[in-house]
Amino acid sequence: MQKPTMAIQLYTLRDFIQTAEDFDKTLSRLSGMGVHDVQISAIGDIPAGIQRDILQKYDMHVCVTHKSFDWLLSAPQEAIEHHRTIGCDAIGIGAAPDRARKNVQAVRDFIEDAQRVSAIFRENGMRFHYHNHAFEFDRLEDSDACMMDLLLRETDPELFCFIPDVAWLHFGGNDPAKFLYKMRGRIKVVHFKDYVPGENGEPKFVSLGQGVVDLKACYEAACELGIPYIAYEQDRDWTDGDPFKATEESWAFLQSL
């Protein structure tokens, strides 16, 4: 079985990557923890060449990104050149746009758009990746199906890949370790996130290993499936309000696996 490489999703540290100076400081701190693989998401307006130089300074590799879906649609060649510059072959989005979530036709329109632009990426040695939340498991207004059913069933595995988020899979009513098998061969990066039930039915995120998600089972599934990367991500609710402290705790948990 292949052991995944551990990575950090920089969305967790988004407030500290808005300028080139802060991006440098953040990668320096992560490098000191032994991190060499990151996902870039919610970064500030830093030119790709400057990102590349800072990444190379700390021997960092970008395993995947999250970018605006509308940007990918409107400027696919620009997106390709951006990713070539930072040395990343996996172009991702954080979620489907609101317009894609209402009914079957809206989902199919999204799939058509995604696969059209993904075909361009594929011709250039890159692949499109979709990150889930829990809304993909809500029933569509005109069907017994949910959005995830359509994404799994009606997309081309060569054109549409996934960045499964194990906490959102769990919150959506699934066994995340088992669900990964439904995406076999379509995962480069799996997000490890943990939570406990919070107020008003919303999840309260916690450092890895402190919540209700069976991350050990998810790790074993990732190994068996040959998933190349596991990336820690935490949207909010960091330990003592400090995303770096939560990252350090979660990185230690990943190393324990």
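FYI, it's all coordinate maths here, none of it is from the lab. Please read these numbers as outputs of a predicted model, since none were measured by experiment. Here Cβ is always computed from backbone atoms with ideal geometry, including for glycine, and neighbour counts include all displayed protein chains.
Amide H contacts of Asp37: Ile8, His61, each under 5 Å away and 5 or more positions distant or on a separate chain (H built 1.01 Å from N in the peptide plane; Pro and chain starts excluded). Each label point was placed 7 Å from the Cα along the Cα-to-Cβ direction; for Val104 and Arg122 their separation is 2.4 nm. Taking amide H atoms as placed 1.01 Å from N in the peptide plane, the amide H of His191 lies under 5 Å from those of Asp165, Val166, Ala231, each 5 or more residues away in sequence or on another chain. Among Leu208, Leu27, Leu140, the residue with the largest mean-square fluctuation in a Gaussian network model of the chain, with springs joining Cα atoms closer than 10 Å, is Leu140. When you restrict to C-alpha pairs under 8 Å that are six or more residues apart and normalise by the size of the chain, the relative contact order lands at 20 percent.
For segment 38-49, backbone phi angles converted through the Karplus equation (6.51, -1.76, 1.60; θ = phi - 60°) give residue-by-residue couplings of 9, 10, 9, 8, 6, 6, x, 7, 10, x, 4, x Hz, Gly and Pro being listed as x. Residue order for Leu180, Leu152, fewest other beta carbons within 10 angstrom first, comes to Leu152, Leu180.
Cross-link check: pairs Lys57/Lys193; Lys182/Lys204; Lys204/Lys245; Lys3/Lys25; Lys57/Lys245 evaluated at a Cα-Cα cut-off of 19 Å; pairs beyond the cut-off: Lys57/Lys193; Lys182/Lys204; Lys3/Lys25; Lys57/Lys245. Bridges between two residues of the chain, per DSSP, are antiparallel at a rate of about 15%. Here is how the number arises for the chain: DSSP H runs of 4 or more residues each give -39500 (n - 2.57), the sum is divided by the residue count, and the result at 222 nm is -12000 deg cm²/dmol.
Look at Met147, Met6 and count the other Cβ atoms within 10 Å of each Cβ; fewest to most, that gives Met6, Met147. Here the Karplus relation 6.51 cos²θ - 1.76 cosθ + 1.60, evaluated at θ = phi - 60°, turns the backbone of segment 164-171 into coupling constants of x, 10, 5, 5, 5, 4, 5, 5 Hz, with x for every Gly and Pro. Sorted fewest first by neighbouring Cβ atoms within 10 angstrom, His133, His191 come out as His133, His191. For segment 74-171, which GluC sites (Glu not before Pro) pass both filters: DSSP loop (anything but H, G, I, E, B) and at most 16 other C-beta atoms within 10 Å? Filter output for segment 74-171: Glu141, Glu154, Glu158.
Computed from the C-beta positions of Met33 and Arg84, the FRET efficiency with R₀ = 30 Å rounds to 0.60.
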